[in-house]
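Please treat every number below as a calculation from the coordinates, not as lab data. Quantities reported herein were computed from a predicted structural model and do not represent experimental measurements. Here the Cβ positions follow ideal geometry from the backbone for every residue, glycine too, while neighbour counts run over all protein chains shown.
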Amino acid sequence: MNQLDFPILSLMMGLPMAAAIICLFLNAQAARWLALATTLALFVLGIVLWANYDIGGPQWQYVERSDLFGNFAWALGIDGISMMLIMLTVFLMPICIGASWESIQTRVGEYMAAFLFMEVLMIGVFAAQDIFLFYILFEAGLIPMYLIIGIWGGANRIYASYKFFLYTLLGSVVMLIAMLWMVQDAGTSDIPTLLNYDFAPEAQTWLWLAFFASFAVKMPMWPVHTWLPDAHVQAPTAGSVILAGVLLKMGGYGFLRFSLPMFPEASEQFIWLVFGLSMVAVIYTSLVALVQQDMKKLIAYSSVAHMAIVTLGLFAFNRQGIEGAVIVMLSHGLVSGALFLCVGVIYDRLHTREIDRYGGLAINMPKYAILFLLFTMASIGLPGTSGFVGEFLSLIGLYEVNSWVTLVATTGIILGAGYMLYLYRRVAFGELVHEDVKAMPDLSAREMALLAPIAAAVMWMGVYPESFMAPIRGDVGALVARIDRAAPEGDAHLKMGEAKAIAKDHAEGEAH
Amino acid sequence: MNSITLIVFLPLLAAIVAGFGNRIIGNVPAKVITTGALFAACALSWPIFIGFVSGTSSAEVVPVMTWIISGDLNFDWSLRVDTLTAVMLVVVTTVSALVHLYSWGYMDEDPDQPRFFAYLSLFTFAMLMLVTANNLVQMFFGWEGVGLASYLLIGFWFKKPSANAAAIKAFVVNRVGDLGFMLGIFATFLVFGTVSIPEILEAAPGMAGSTITFAGMRLDTMTIICLLLFIGAMGKSAQLGLHTWLPDAMEGPTPVSALIHAATMVTAGVFMVCRLSPMFETSDVALTVVTVVGACTAIFAATVGLVQNDIKRVIAYSTCSQLGYMFFAAGVGAYNVAMFHLFTHAFFKALLFLGAGSVIHAMHHEQDMRYYGGLRKEIPLTFWAMMAGTLAITGVGIYWLHAGFAGFHSKDAIIEAAFASGSQVGQFAFFIGVLAALLTSFYSWRLMFLTFWGKPRWIQSEHIQHSVHKTPEQAGDDTTGGYHPHESPLTMLVPLGVLSVGAVFAGFVFSHAFIDDGGFWNGAIAYDAGLMHAMHEVPLWVKLSATAAMLSGLATAYFMYFRGTDRPARLAATFSPLYAFFFNKWYFDELYDRIFIRPAFWFGRLFWKKGDEGTIDRFGPNGIASVIASGSGVMKRFQSGYLYTYALVMLLGLAAAATWIIVQGAS
C-alpha cells in the first residue's frame, strides 16, 4: 500500500474528525486538552510522514485509494510539496490551540471542534488525489473559518464574513463547472492522471480563467483582496494565524497543482495578467500597509504583497521561481502566523489593535520585543531568516523571464522595510507614555512556548533551507519539465560581443 | 578548528551569550565575554595579515555548510581568506576590539550595557561574514546583517524619537541600495549562471562587449551589472544621493559611530568594488560612474562639513568625503590605493570619533563645538590623540623624506593616481581631490581650534548649565561656569593610544606592501602595475599639490578660527545663501521628503480610502449587496443566512456533480 503499510493520511484526517465530534460534548477545559493532545499527536504523525518520506522516490507517496461510486474515489497521496504544506498545518495547529487557551471563554467545545474540523479539511486539501474530493474539501474548508469569524470574531464580524462569502462564492461555482467539463473530457477525476493530460489549447483558456477566479480570491490577488483585511481584523487571534498561515496557501497550491501543470499554454498566455496584478499588488498594498492604524490590517495588507511574490515566482516557469514561491508560502505561513500571534499577545493585555495606543514595549516586555523584532526582520526578508530564501529565489527566477517586472517587484524590499519598521517603532520603541501599557507584563511561559518554536523554524529555514527544499526538488522538477514547452522566452536576450582584449593585466605580480 | 572559523564565529557566540544570557550571568561577565572574544579574534587576525604581507600565506576557502541549492543556482556558507580579506580582517577585528574596550568607559552609566555589547559583537560577526564571502549572496547576508546591527545601534537609545527616526532612515535608505545589489545579483546569475565570486571574476572578461536588455533598455552587459551592484555600494558607503542616512546615524552612541559609521561598515561598498574589481575593469562606463560619484561625494560632503557645529556631524561628513576618495581611486583603477586609504582611514577616523567621544564625555554630553574651547589643557591626552588623528587625516608629511602621517601616504597616493590615470575623468577627480583636501584640512583644523584652543565657552551649553546649576547670567565673566572637564578613564584612553599609533605609522609602514607590491595582492584585486609606476612619475607639482592644499586649509582655519574669531560669522553673513545651502546639507533631506516620503503616505491613503474602500468595495461586495437590497427585501434574509446560502449553493453543486458521476459511471 505505501511505505508504512498503513493509511496514515486517512488517520490524519480521521483522528481530528473524531476529536472534533467528541469536543462538542465536552466541557471547556476537557475540550482544550483534547484539542491540544489531538493536534500534538497529528504533529507527531506529520514528523513520521516526513521522516519516512522517500526523497527521490516515486512522485506520489502514502497513496491510498478506495473507489466509492462512479468515478468518485477516496484517493489520497502526497508529493513533497503537499507534505511540506501538511507539515506547516500540523505545526501551526497546536500553536493555534495554545493561543486560544485563555482568550476564548465562550462555547469552547464548539470552538475547538471548528479548529479540529478545519485541520481535517486542510490536510485533506493537500492530500486529495481526486479532483472532486479536492473541491469538497477546498470549499468546505471555509465553513469552519466562517464560523470562527462569525461566532468568536470582533464587533463587525458579520460584514467581514459576508464579504468573504461573496468573493468566494462566484469563484467556486465557475471552478466546479470547469472541473465537471475536465472530468468529462479526460474521462477521469484522478489528479495525477489529469496532471499529464493535454487539454486542447482553446479549452485551456476558459478552464484557466475559471480556476483563476477561485484561486485569485483565495490567494488573494489584487483587486479581489479586500476581504482579507476585514476577515483578519474580525477573526480571533488563532483564526488569523490559521487564515494567514494555511488558508492563504491554498490559492498558491491551486496554481501549482492545477493551473500550471494542467493548462501550461493558457498559463503562458495569461502571464501578463498575473504579472500585472502582482506588480500592482506589491506597490499598492505596501503603500496601503504604510498608512494603517490597525496592526492586524497592516499585517493583512503585507500578506497581499507577499503573496504577490508567490504568484510572480510561480509564473516565472522555472525552477528557482517555483521553488522560491513554495518557500515563500512556507515562510509566510510561519512569519505572518507569528506576527498575528504577536498582535494577539498585546491585544489580550490591552484589548485594542490600534498602533498608537502602544509604544515603549521594549522597556517592559523585552522578550516580546526580541521575538517581535525577529519576525519583523523575517517579514522584511533579512538574509538568515526564511523570508529571504523564498523571496530571493522567486525574484531571481522571475528575473530570468522579465527584468521590468522584477525591478518593480523588488521595490517591495524597500516598502516592506518601511512599513514594518514603522510599525515596530510605534509599538516597541519610544517612551512608555500610557499607564495601562506600562502595566503590561512580559511574555508568559505559555506565550513563549507558542512563539519560540516558530522562531526556531524561521531561523532554520533561513540558514539551512535544504531540509525544506530537498523534499520538493523532484516535484518542482516534474512540474518544470511539464510546463517547459510553454515556458516564455526571457527578455534579457544576451548577445555576445566581439571578444575584447582586456588591456590591463590582473595582478600577475608584475610590479617592479 | 581553523583560525578563520574562530575569528568569524567567536563574536557571534559572544553576542548570543551576552544578548540572551545576561540575566543569568550578569553585566560584567557579558562585557568580559564579548570584549574577550573580540580581542581573541583580533589576535588571530593579525598573524593572517602578517602572513600575507610577508608572502607566506596563500588564499584559501573554508567551507562551512550548504546554504541554498536550487537547480543551477547553488552556493554554500563558506569563508574565503585572501589578501583583501586579510586586510579587512585586521581592520574590523582591531577597531572592533578597541571599541569594545572603549565602551567599558563610555557606556559605564548606561543600564543596558549587555544589549549594547551584544549588538557590537553581532555587528562584528556580520561584517566578518561580509568580508569572507566567497559568493555574492553571502556577501549580501553580511551586507544586510551589518545593516540590521547598524539599525539596532543607531536606535540603541530607543526612547529618543530622533534616534528611532535615524535608525529607520538608515535601514530604508540602505534598502534602496540593496535593490540595486539584488538586481545586480540576479543579472549576474542570468549572465554567468553562478553567484560564486571567483567563477564570475574569471568569466567576466569574456563577457566584455556583450549586450543585454534590462527593463526595456539595450545595454552593455558588464556595465549594467556593475552599475546595479554599485548602487548597492553607494547605499552602504553613503555616496552622494544615498548619503542622507549617515549624518543622522550619529544619533547612535559614539563608539558605534567609530566602529560602524567610520571604520568598517561604511567601507563595505569600497570593499565590494575592490573584491569585484576584475569585473569593473571590463566596463569603462561603470568605472567612469564610480569615479564621478566618488569625486562628487568627496567635494559635496567636504563643503557641508565646513559649516556644521556638531562635532560628530563634522566627522561624519568627513567620513562621507573620505569614502568618496576611496571610490574615485577605485574608479581610476587604483583599487590597491583605495584599499590602502580604507586601511589607514579606519585607524585615524576611528581615532577621531573616539577622541570626539572622549571630548563629549568630558563635556557632559555636549556635542556643539560652539560651546567648547580651551580644552587643550583640561584633557591633554585626548587632545594629543585628536591631534594625531588630525595630522593623519589632513595628510601631514614631507615629500622628500617619504615620511608622514597615515593620510599623507594614502590620500596623496589617491590624488596622484587620479592624475596618473591620464583620462579626462581622472583629471577631474584629481582637481576635485586637491580641492577637497583643502576643505578637509580646513574643517579638521576648524574642529581642533574650536575645541581645544581659544577661550572656554562652556557656560553657553545647556548640558553644562544643568551640570553646574547656573545660567550664563549667573556665571558672569567666568565662561567656564565653574565646570571642570575630566579626562576619560583608562579603558577609553588605551584605545585612543593604540589608534594613535596606527594613525601615525600605518601609512609609513604598510605603504610599500599596499602600493608597490603586486605580489602582496596576489590576484585578490585587479592590480595595475602600470598605473602604480605612472603614479611615481607624475610631475613634482602634482606630488606637492596635496600638501599645498593641506597647508592652505590649515592657514585659512588658523586665520579664521584662531586669530579672528568674528571672521566666520562675517563671512557667513556675506555669503548667506551659500552658507545656508551648505549648512542645510544642500537640502537633500527636504527634497527627499517632498518627492518620496510624503507622496508615499499620500498614495497609501489614496489607495486605501479611494481605491479599496471607495472603488473595489463600493462596486464589489457592497455594490452587489445594495443592488439586491434595492430590488427586494431578499437582502435581509440573504445577509443573515449567507452561511447557509453558501452551503446550499455548494451542496447543490456537489449534488449535481455526484449525480453526473453516477450517471457517467453507470453508462
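Below are the figures for this structure:
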| read-out | value |
| --- | --- |
| Alpha-carbon Debye profile of chain B, log10 I(q)/I(0) at 0.06, 0.09 Å⁻¹ | -0.39, -0.76 |
| Qualifying lysines (Cα of each under 24 Å from Cα of B:K411; at least 8 residues distant if same chain) | A:K504, B:K236, B:K312, B:K349, B:K543 |
| Those residues of the stretch A:76-108 whose amide nitrogen sits under 15 Å from the label point placed on A:A30, 7 Å along Cα→Cβ | A:108 |
| Over the stretch B:385-538 - Rg/Rh using Cα atoms and the Kirkwood inverse-distance radius | 1.16 |
| P(r) weight above 36 Å for chain A, C-alpha pairs, percent | 29 |
| Two-decimal log10 I(q)/I(0) for the stretch B:231-323, as the Debye equation yields it once each C-alpha is a single scatterer, q = 0.18, 0.20, 0.25 Å⁻¹ | -0.76, -0.91, -1.28 |
| The stretch A:77-123 and the stretch A:338-395: distance between their alpha carbon centers, rounded to Å | 22 |
| Long pairs among A:K367/B:K31; B:K169/B:K610; A:K495/B:K585, criterion Cα-Cα beyond 32 Å | A:K495/B:K585 |
| Dmax and Rg, reported as Rg then Dmax, of the stretch B:166-292 (C-alpha, Å) | 15.5, 48 |
| Positive minus negative residues near A:G430 (Lys, Arg vs Asp, Glu; Cβ under 13 Å) | +4 |
| Whole-number percent relative contact order across the stretch B:455-601, with pairs defined as alpha carbons under 8 Å at least 6 apart | 9 |
| Compactness of the stretch A:108-177 as Cα Rg over 2.2 N^0.38 Å, two decimals | 1.19 |
| Quarter of Cα convex hull surface for the stretch A:241-363, i.e. mean projection, nm² | 8.2 |
| Formal net charge of residues neighbouring B:A14 (Cβ-Cβ distance under 14 Å; K, R +1; D, E -1) | +2 |
| Centre separation in Å (Cα based) which lies between the stretch A:444-472 and the stretch B:76-92 | 30 |
| Cα-Cα separations in the stretch B:68-215 greater than 19 Å, expressed as whole percent | 63 |
| Peptide A:156-166 - average C-beta neighbours from other chains (10 Å radius) | 4 |
| Number of partner chain Cβ atoms within 10 Å, mean per residue of B:82-95 | 0 |
| Contact order relative to length of chain A, as percent, for alpha carbon pairs under 8 angstrom and 6 or more apart | 15 |
| Longest DSSP-loop-exposure-free segment, GluC sites (Glu not before Pro), chain B, at most 13 other Cβ within 10 Å | B:110-536 |
| Chymotrypsin sites (Phe, Trp or Tyr not before Pro) within the stretch A:161-194: DSSP coil, no more than 10 neighbouring Cβ in 10 Å | none |
| Percentage relative contact order, chain B, counting C-alpha pairs under 8 Å, at least six apart | 12 |
| Sequence ranges B:595-604, B:254-263, B:10-19, ranked by mean other-Cβ count within 10 angstrom, highest first | B:254-263, B:10-19, B:595-604 |
| Volume of the Cα convex hull of the protein assembly as shown, divided per residue and given in Å³ | 179 |
| Value at 222 nm in deg cm²/dmol, rounded to 500, when DSSP H runs of n ≥ 4 in the protein assembly as shown each add -39,500 (n - 2.57) | -22500 deg cm²/dmol |
| Euclidean distance of C-alpha centroids, the stretch B:494-508 and the stretch A:188-224, integer Å | 69 |
| Gain upon complete extension [A:R349, A:A449; 0.36 nm per residue less C-alpha separation] | 34.2 nm |
| Model label zone, B:H402; criterion: amide N under 20 Å from point 7 Å along Cα-to-beta-carbon; scope the stretch B:522-541 | B:528-541 |
| Shape category assigned to the stretch A:72-134 from the gyration tensor of Cα positions, a/c cut at 1.5 | oblate |
| Whichever lysines have a C-alpha closer than 19 Å to that of A:K218, once near sequence neighbours (fewer than 8 apart) are set aside | A:K163, A:K249, A:K296, A:K297 |
| P(r) of the stretch B:438-502 over all Cα-Cα pairs, binned every 5 Å from zero, in whole percent | 4, 15, 15, 15, 18, 16, 10, 6, 1 |
| Residues in the stretch A:202-246 reached by a label modelled at B:D617 [backbone nitrogen below 15 Å; 7 Å Cα→Cβ] | A:224-235 |
| Cα-Cα P(r), the stretch A:217-257, percent of pairs per 5 Å interval | 6, 24, 28, 25, 12, 4, 0 |
| For A:T376, net neighbour charge (Lys/Arg +1, Asp/Glu -1) across residues whose Cβ lies under 13 Å away | +2 |
